[in-house]
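**Q** Let me give you the structure first, and then I'll get to my questions.
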Amino acid sequence: MNPFQNRKYIIAGIFILVVLIYIARLFFLQVVDQSYKMSASNNVLRYVTEYPSRGHIYDRNGELLVYNEIAYDLLVIPNQLEAFDTVKFCEFLGLSKEQVEKRLIKAKKYSRFKASVFEKQISIESFAPFQEWLYTFKGFFVETRTLRKYNYPIAAHLLGYVGEVSEQKTNKDDYYKSGDYIGVSGVENSYEEVLRGKKGVEIFMVDVHNRIKGRYKEGRYDTAAVHGDDIKLTIDAELQKYGEFLMQNKIGSIVALEPSTGEILALVSSPSYNPELLVGRERGDNYKILEADTLKPMFNRPLMARYPPGSTFKLVQALVGQSENIIWPNTRFHCFYGYTVGNFHMGCHYHMDELNLEQSIQHSCNAWYANAFRSFLDHPKYGGIYNSYNIWRDKVTSFGFGKKLDVDLPHEVNGYIPTLNYYDRVYGEGRLRSLNIVSLAIGQGELLITPVQMANMAAAIANRGYYYTPHVIKELPERYNERQLPYLVKRYTDIDSVYFNHVVEGMYLAVHGGPGSTSTGTLIPGLDVCGKTGTAENPHGKDHSIFVAFAPKNNPKIALSVYVENGGYGATWAVPIARLMMEKYFNDSIQYKWIEDRIVNANLLNAKENK
Amino acid sequence: MQRRTNSILNNLDWLTVGIYFILVIMGWFNIYSAVLIEDQHETFSMATRYGKQLIWVGASVVILIIALIIDSKFYSSFAAIIYASIIFLLLAVLLVGTEINGATSWIVIGPIRLQPAEFSKVATALALAKFLGRHNFKPTEFKTFIGFSLIAFFPVVLILAQNDTGSALVFFIFLLVYFREGMPSIYLIVGLLAGVLFLLSLILPTYTIIMLIEAFALISLYILRRNRRELLVAFIPLVVLTVILWIGFSYLLPDTSKTISVVLAPVILSFWYIVKIYKHKIKHGYFILAVLFASISFTYSVDYVFDNVLGAHQQLRIKVLLGLESDPYGAGYNVNQSMIAIGSGGPAGKGYLQGTQTKFKFVPEQSTDFIFCTVGEEWGFLGTTVVLLLFLALLIRLVFLAERQKSKFSRIYGYGVACIFFFHVAINVGMTIGLAPVIGIPLPFFSYGGSSLWAFTLLLFIFLKLDANRDQLIT
């Protein structure tokens, strides 16, 4: 027999071994590893997104504020490029030859076969002459997008802007793909889900050269883009426009609310900018300019700025004191140019002595409130300041201070009402004395309040004890009704409505009480305006001028807060601005044109230094 | 005549014939899918590749009938002449051949284009069967090895000259046939060692490999001799001299000092080693020394061969296969797309004619070298396993048939057939799943192409004819 016959087993063994290894490998490739399926569909499927146009934005009277305009993204597929007239091409797009070359190299680097964006958001005007030549630029094609368009150059902070979605967001939210647009700030951001609509997609199959070979499964999985829904805001475009007109060349804000609903009528942040600046191709450049501006035009002051409330806070003090039976309408405190205890002195301006509660508001007496606040904190019934302060703090925060109101706009801040923990850290544990914090009585010290919180306080007083969360949304499509629910809830302060009458009376007297009253500048014939001035001490420069008001006294229609940074006394700038706003709102005409002229012509942008 | 036909039909191995037809039919349907373009859905055209392949399948039937009719003695008697004719054709191709896809391997006669390289496998298998099947055959003689090498590798040179590396490599599988017939194991070990050293030399720096070889030689010495003193006598001077040389050369030739010192040290010491071996009559000593120097010189020359003999694209393909370079859009593109196609097939496939990788031409050479992708994508793991098992069944059946031959000629030829099929299947399928280098050889019965289908048919049915007549003595 053949001595090597057993070698047949070795040979057959090699055959079997190789086939088994291959089958194992195939099992891994085809059954275990799922990544190849992804790669295969990445190869063959092209998802062409159809972008929806965003919903329109209207004001409370149905005036169109924001709409859309068609724009074009120019895309390029490098391997389909042919020689073209670069001079003409550059001219159309306003690019230099080097820029064009650089972008082409970038596109080639990304992929020779896949489309990449060459130029974004070409406006319809720039595109029109380009369109008829487009066919000569082989390899280039356009995709339709929309750009925001504004009827008035107002309410930039409120409306917000639309920008490219961040990588963070695309990682978190599957709806967004890199290169999509999203509402970045303002209403565009807070109502993004309503406004954005729904992207459509067409799925094509392509071959190895990226040539479209047909619809995937006959278009069974294609979807059409759905327009975004329109929304109606509570903003009164006329009032907003006028507020911005008045606030020109001034730093500050105006917040006007409807007390009976919490609807925001105007939300002015100054300095502002034209919302058109943050649209389209120039957005990036303009954004950089705006952000570098030392006056911070991008800063949404009504929601983000925090100031000490100054004398306007006396209204809250009067209410809290009454509700705790510390002070009464006829409570009188002595004042001789201020409040003096030992070495401590808090100044006060001249006014008649021994004021009652209403008069204390009318004349804004500091000593009265210093006395009232210390009587409260040190009242024996509380058993010490550590109890009385907490009661005081709870009642104060019930006005919406010290926390976000949850306005339906992004980036709102908390404000600050100090806690006992804070004072323990400052003065040592258990060592707080009422004299340490007596400046809280007149709205100074560590208190920080935003303009919108201040306006909300005015609304709560106007309503005699409750408020609705301020908001800008008036009407949403029905399926979003839930989003409006928080704004339909009456939110009560911890102060019984009976205590409000004397405070309201004091505010009325401040306007109508004749000489010596603080806010006579808002005396408008035929309108019972109630108001309170404030002057916030500003460690960085001249005092801020503050005014809160509502009108009319009974059944109020408007409540507002006006801040003018570095404007000095409340009566100097904030009061006349509030007067003009109310005149505009109620009468749509201005009684004394000279007041308007004085305000409009005032430039307080550099007022900081001249203290 | 009638009786003879009957005896062939009765004695024919119908199992193999069945597997052959199943594979050919499966092959044709896959080619149909691979070349089908959407807009040609309706009309069935003979001008397309699947149309032509159908004609060639028809012609194969004619060829297999002829192969069965021809007297089995003809194959053994004319083996040498057939071999000589093929050599002549290979030479002719070099002179008058037509270049297609970078390989000058085609003879064009009217409408027929033939690749003599495909048929040279049949001829070489016959010639080797004749040579190794001689009565006075002594497998261990060096003369036999030389004779085998001349017959098996002469076509290799000619096919390499045609720039058809893939087909040339096939002939190395005849070593397996020789192995069955008694090739000394040492040749296989040397071949294996050479392969390992070749791969290592591409991955590691030369001096590292040479140090490994030296360590291996010392370990072998100890294992064979079990003598610690001898090991130290060999080991210590080697290390000391290497270090001295390395320090010395690091000033003179800083770039190559490491390589030079590891090579020079054993060379210088070899005289001393020879004296020692002679004096103490150390068994295996010369052998270890010889292997050591052979390995060192082989490794040293691999770099030269790799850089100067292989073409740039072959270097790249080998490097990509070894994972030394990743190049998904260049040399690795085919394999990457091929693996995507096969991997995306999943357990049961996307369905016949539904493969997106196939339909939209992501895999190049889909109907020829990469036809296995279509199987993988459209029929899934189920399909690939069935195809591989069918091939395995064919191979095992061929081994079984070869072993039952009475004549050595028939047996050796049978092994030749099995080994050629094995090499084609292993390399072709291995290449599509990233386990073998990209060597362009067809998958038997599946790849598009008349020459290969005819050659494989001829190869197989000559053996089936020999098997049908296995009772006769064929020499």
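The values are calculated or read from the model by the stated rules, or taken from the named source; none is laboratory data. Treat the numbers as computed from the prediction; the structure is a model and nothing was measured. With ideal geometry, Cβ positions are generated from the backbone for all residues, glycine too; neighbour counts draw on all protein chains shown. Note: areas computed on protein heavy atoms with side chains; ligands, DNA, RNA excluded. Shrake-Rupley method; radii C 1.70, N 1.55, O 1.52, S 1.80 Å.
**Q** Give the accessible area for B:V108 in Å² (nearest 10); use a 1.4 Å probe, count only protein heavy atoms, and leave out ligands, DNA and RNA.
**A** Accessible surface of B:V108 is approximately 70 Å².
**Q** Okay, next question. What percent do you get for the relative contact order of chain A when only Cα pairs under 8 Å and 6+ apart count?
**A** RCO, chain A: 14 percent.
**Q** Check each of the chymotrypsin sites (Phe, Trp or Tyr not before Pro) in segment A:463-512 and keep only those in coil by DSSP with at most 12 other C-beta atoms within 10 angstrom; list them in order.
**A** none
**Q** Quick check on segment A:488-611: what are the equivalent-ellipsoid semi-axes from the Cα gyration tensor, as sqrt(5λ), descending, whole Å?
**A** 26, 19, 14
**Q** While we're looking at this one, here's another question. Taking amide H positions as placed in the peptide plane 1.01 Å from N, state which residues far from A:N68 in sequence (5 or more) or on other chains have amide H under 5 Å from it.
**A** Amide H neighbours of A:N68: A:K149.
**Q** Hey, can you grab everything whose amide H is under 5 Å from the amide H of A:Y416? Only 5+ residues off in sequence or another chain; H modelled, so Pro and N-termini drop out.
**A** Under 5 Å from the amide H of A:Y416: A:G402, A:L448, A:I449.
**Q** Can you give the calculated 222 nm mean residue ellipticity of the protein assembly as shown, where each DSSP H run of n ≥ 4 adds -39,500 (n - 2.57) and the sum is split over every residue, rounded to the nearest 500 deg cm²/dmol?
**A** Theoretical 222 nm ellipticity from helices: -16000 deg cm²/dmol.
**Q** Could I ask something else about it? How big is the B/A interface in buried accessible area, both sides summed, 1.4 Å probe, to the nearest 100 Å²?
**A** So the buried area, both faces added, is about 3700 Å².
**Q** While we're looking at this one, here's another question. Please list, in chain and number order, the residues 5+ apart from A:L265 or on another chain whose amide H is under 5 Å from its amide H, with Hs placed from the backbone.
**A** Residues meeting the criterion, in which the H sits 1.01 Å from N, are A:A256, A:L257, A:E258.
**Q** Where the centre of each part is set by its Cα atoms, how far does segment B:50-65 sit from segment A:454-481, in angstrom?
**A** Here the answer is 86 Å between Cα centres.
**Q** Residue by residue through segment A:310-315, which ³J(HN,Hα) values in whole Hz follow from phi under the Karplus form 6.51 cos²θ - 1.76 cosθ + 1.60 (θ = phi - 60°), with glycine and proline marked x?
**A** Couplings: x, 5, 4, 6, 4, 4 Hz.
**Q** Please list the radius of gyration and Dmax for the protein assembly as shown, considering alpha-carbon atoms only, with Å as the unit.
**A** 47.1, 146
**Q** Mind checking the log10 I(q)/I(0) for segment B:287-432 at q = 0.21 Å⁻¹? Debye, one equal scatterer per Cα, no solvent, two decimals.
**A** The Debye formula, applied to the Cα set alone, gives -1.13.
**Q** Sort A:K250, B:K359 from largest to smallest accessible area, using a 1.4 Å probe on the heavy atoms of the protein chains.
**A** In descending accessible area the options line up as B:K359, A:K250.
**Q** Would you mind pulling out the separation of the Cα centroids of segment A:370-412 and segment A:243-263, in Å?
**A** For segment A:370-412 versus segment A:243-263, the Cα centre distance is 26 Å.
**Q** If you don't mind, another one. Could you state how much accessible area B:E403 has, in square angstrom rounded to the nearest 10, with a 1.4 Å probe and all protein chains kept in place?
**A** Surface accessible to solvent at B:E403 totals approximately 40 Å².
**Q** So, one more: List the trypsin sites (Lys or Arg not before Pro) within segment B:241-291 that DSSP assigns to loop and that have no more than 16 neighbouring Cβ atoms inside 10 Å.
**A** When the trypsin sites (Lys or Arg not before Pro) of segment B:241-291 are filtered for loop state and at most 16 Cβ neighbours within 10 Å, B:K281, B:K283 remain.
**Q** Spelling out what I want: for every residue of segment A:472-478, take phi, set θ = phi - 60°, compute 6.51 cos²θ - 1.76 cosθ + 1.60 (Karplus), and round to whole Hz; glycine and proline get x.
**A** Residue by residue, segment A:472-478 yields 10, 8, 9, 9, 10, x, 3 Hz.
**Q** Next up: What whole number of Å gives the distance from the Cα centroid of segment A:545-611 to the Cα centroid of segment A:487-506?
**A** Value for the Cα centre distance between the two parts: 24 Å.
**Q** Given a 1.4 Å probe and heavy atoms of the protein chains only, how would you sort B:T356, B:T165, largest accessible area at the top?
**A** The ranking, largest first, comes out as B:T165, B:T356.
**Q** Pick out, from B:L150, B:G18, B:G166, the residue whose Cα sits farthest towards the positive end of the charge dipole of chain B, with +1 on the Cβ of Lys and Arg and -1 on the Cβ of Asp and Glu.
**A** The listed residue farthest towards the positive side: B:L150.
**Q** Here's something else I'd like to know. Using a 1.4 angstrom probe with every protein chain in place, what is the largest-first accessible-area order of B:T256, A:T312?
**A** In descending accessible area the options line up as B:T256, A:T312.
**Q** On to the next question. Relative contact order of segment B:378-462, please, whole-number percent, based on alpha carbon pairs below 8 angstrom and at least 6 residues apart.
**A** Reported relative contact order: 17 percent.
**Q** Report which residues of segment B:358-372 become buried by 50 Å² or more of accessible surface when going from the isolated chain to the complete set of protein chains (1.4 Å probe; DNA, RNA and ligands ignored).
**A** Buried by the other chains: B:F360, B:F362.
**Q** Here's a follow-up. Can you give the Kirkwood hydrodynamic radius of chain A from its Cα pairs, in Å with one decimal?
**A** In chain A this quantity evaluates to 28.4 Å.
**Q** For a quick check of understanding: with a 1.4 angstrom probe and all protein chains in place, what accessible area in square angstrom does A:R25 have, to the nearest ten?
**A** 60
**Q** Sticking with this one: Give me the dipole magnitude in Debye, nearest 20, for segment A:397-545 about the Cα centre, with unit charges on the beta carbon: positive for Lys and Arg, negative for Asp and Glu.
**A** With Lys and Arg at +1 and Asp and Glu at -1, about 100 debye.
**Q** Just to check, using Stokes-Einstein with a Kirkwood Rh over alpha carbon pairs, what's the diffusion coefficient of segment A:46-233 at 10 °C and 1.306 mPa s in µm²/s?
**A** Approximately 86 µm²/s, per Stokes-Einstein.
**Q** Continuing with the same structure: May I ask for the angle, rounded to the nearest 10°, between helix A:237-246 and the longest principal axis of chain A, with both axes built from Cα atoms and the value confined to 0 to 90°?
**A** With both axes taken from Cα atoms, the answer is about 70 degrees.
**Q** In whole Hz, with x marking every Gly and Pro, tabulate ³J(HN,Hα) for segment B:286-292 from phi via Karplus 6.51 cos²θ - 1.76 cosθ + 1.60, θ = phi - 60°.
**A** Karplus-based 3J(HN,Hα) across segment B:286-292 equals 4, 4, 4, 4, 5, 4, 4 Hz.
**Q** How large a share of the accessible area of the protein assembly as shown, in percent, is made up of carbon and sulfur atoms when the probe is 1.4 Å and the other protein chains stay in place?
**A** 60
**Q** Helix B:333-344 versus the longest principal axis of chain B: what angle, 0 to 90°, nearest 10, using Cα atoms?
**A** With rounding to tens, the tilt is 60 degrees.
**Q** For segment B:203-309, report the accessible area per residue in Å² (1.4 Å probe, heavy atoms, rounded to an integer).
**A** Result: 64 Å² per residue.
**Q** Now a separate question. Let me have the relative contact order for chain B, percent, based on Cα pairs under 8 Å that are six or more residues apart.
**A** It rounds to 25 percent for chain B.
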